[in-house]
Each structure stands twice: as C-alpha cells, then as structure tokens.
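Visitor: Below is the structure I would like to discuss, written out as structure tokens.
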Amino acid sequence: MPTKPKKILVVEDEPSLVFTLRDTLESEGYEVHVCEDGSSAMPTIDALRPDLLILDIMLPGKSGFEIAKECRDLKYTFPIIMLTARDQEIDKVTGLNIGADDYMTKPFGVKELLARIHARLRRANSYSKTGPLDVVTLGQVRIELNESIVVKPDSEVELTTREVELIRYLVQHANEPVSRDELLEQVWRYEFSTNTRTVDVHISKLRGKIEMTPEDPRYLVTLHGVGYMLKLA
Ligand code: CA
C-alpha cells in the first residue's frame, strides 16, 4: 500500500542548493516545500506541519537558529537538520543546543543527507506527532503534557518542566535505548553541575509519578549498562 508522502520543508536561500535538494528529495518520494527566506519560514511551518525541516543558518530575514528555537518553543517535535557553512563548529554546538537534531556542513553529499533524513524520520515514530504532543497514555495512566499533570485512576500528580521535557524526549525515542549521556545532552543540554546521577534521580522520581508500580516499572525501564527505554505499545 502506498503511504502518504512525508513532507519536507527546505528553508534555504541558495537557488542551486534548493534546486538540487528539491530534485533529490522528490525523486525519493518526498513532498518538498521550500522557503527561500527566514521570515516566511514560521508561517509556512505553522500551515504545513512538515515531517522534517532542513534549515540553513544564514538566511535573509531571520536566522536558522531563531527559527529552530521558535519551533522548539512552540513544541514542534519534527526533526530539524541544520545546514552550516564549512568549519563552523560553534554553529554545530549552538544548533544542537537549541533543538536541532542533526547538522550537515556545506558542501555535503546528497546521499549522506538522504541517509540522515531517513534515519531521523525512522526515529520520529508515530508517537512524535508533527504538532505539539499533548497526551501520552501508559495503561491506566494518562500524562497530559500541556497541563503538566499525570492522571492516575485514584490520583493526580503534577510534573515539573524538566519532567515534561524528559517525557517528550523519551516519547520521541520510544522503544529505543536512550543513554544517560544522551539525556544529559538533549534534556539537560549540558547544564552546569549535572551528571549521569542527575538523570537517574529524575528517572526514579518520574517513575514514581507515571508508573502504577514504580518498583517494578512496566513502561520506563532500565537497560543495564545502556540506559533507559520508554516502552510504548
Ligand atoms: Ca544561506
């Protein structure tokens, strides 16, 4: 059965690169949309709800950094692959810190970009909707992320902002092993004085809130020597 083509939005102001990307991505079966300046990116994203965003950094109107940050502030969870000029290591760090999932240094091979797009789209499973993610159901437990609450059959518990971010990340990577380092990088963004123990403490508290039997977790499980995994059906 043919599935609905995935929508990729390319925000890039270099006509020759736009041409190549459109051509390559369309031949791979993607539905391609293009914004050639930064200022039209957010209205397009809001209207289009792409499955993946390819985002140049240096753009007329608004920078790729600003756009990525706005997307994450709006809780859009689609993967973002940033395009950066050669040797801008600083850009890589900034980009990943503000919520980009990956980056490619120009000039890059389209095959490499395609491989990363496939990988990112595979990871963004059905739980990672392209709009804001609101509700996660774990058996009898309902997590309302926008309200920061967990509703259990006989009680209601509040979540901290960090716990909400942690759940969003775990849901986005549901049924995959997630290491403590990855959580530190992606959820804590290498904040000062955090370490893997910080992650363990938070996971343990979170279990108390979202599991019916936290001492024998069914959903947020420990993978010894690896990290954690959120198991979703
Ligand atoms: Ca540019």
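The values are calculated or read from the model by the stated rules, or taken from the named source; none is laboratory data. From a predicted model like this one, the values you see are computed outputs, not experimental measurements. Backbone-built Cβ (ideal geometry, glycine too); neighbour counts: all protein chains shown.
Visitor: When you look at G61, is it more than 20 Å from the chain's Cα centre (by Cα) and either away from the ligand (no atom under 14 Å from the Cβ) or buried (at least 17 other Cβ atoms within 10 Å of the Cβ) (or both), yes or no?
Guide: no
Visitor: As an exercise: evaluate V157 against (1) surrounded by fewer than 16 Cβ atoms within 10 Å (Cβ to Cβ); (2) closer than 17 Å to A233 by Cα; (3) in contact (Cβ under 8 Å) with a residue 40 or more places away in the chain and give the number of the one condition it does not meet.
Guide: (2)
Visitor: If you don't mind, another one. With the condition kept exactly as written, say whether any residue in segment 64-86 is assigned to a strand (DSSP E or B) and away from the ligand (no atom under 12 Å from the Cβ).
Guide: Yes, that holds for at least one residue.
Visitor: Taking segment 189-200 only, how many residues are surrounded by 13 or more Cβ atoms within 10 Å (Cβ to Cβ) and among the basic types (K, R)?
Guide: Final tally of qualifying residues: 1.
Visitor: Looking at segment 135-191, which of its residues are among the hydrophobic types (A, V, I, L, M, F, W, C) and out of contact with any strand residue (DSSP E or B) (no Cβ under 9 Å at 6 or more places or on another chain)?
Guide: Within segment 135-191, L166, L184, V187, W188 meet the criteria.
Visitor: Tell me which of these N97 doesn't satisfy, since it passes every other one: (1) modelled with pLDDT of 80 or more; (2) at negative phi.
Guide: (1)
Visitor: Scan D56, D46, D23 and give me the residue that is in the same structural domain as R116 (by TED's automatic domain parsing) and closer than 19 Å to D102 by Cα.
Guide: D56
Visitor: May I pose another question? Name the strands (runs of 3 or more DSSP E) wholly within segment 140-208 that hold at least 2 residues that are of a type outside the set (A, V, I, L, M)?
Guide: So the answer is 141-144, 155-158.
Visitor: A follow-up question, please. Checking the structure you have, find out if any residue of segment 201-222 is touching a residue at least 12 places away in the same chain (Cβ under 8 Å) and loosely packed, with under 13 Cβ neighbours inside 10 Å.
Guide: For segment 201-222, residues touching a residue at least 12 places away in the same chain (Cβ under 8 Å) and loosely packed, with under 13 Cβ neighbours inside 10 Å: absent.
Residue-by-condition table, conditions (1) assigned to a strand (DSSP E or B); (2) surrounded by fewer than 22 Cβ atoms within 10 Å (Cβ to Cβ); (3) free of Cβ contacts under 8 Å to residues at least 24 places away in the same chain; (4) within 16 Å of the ligand (Cβ to nearest atom):
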residue	(1), (2), (3), (4)
P5	no, yes, no, no
D13	no, yes, no, yes
T24	no, yes, no, no
V32	yes, yes, no, no
S39	no, yes, yes, yes
M42	no, yes, no, no
I45	no, no, no, no
L55	yes, no, no, yes
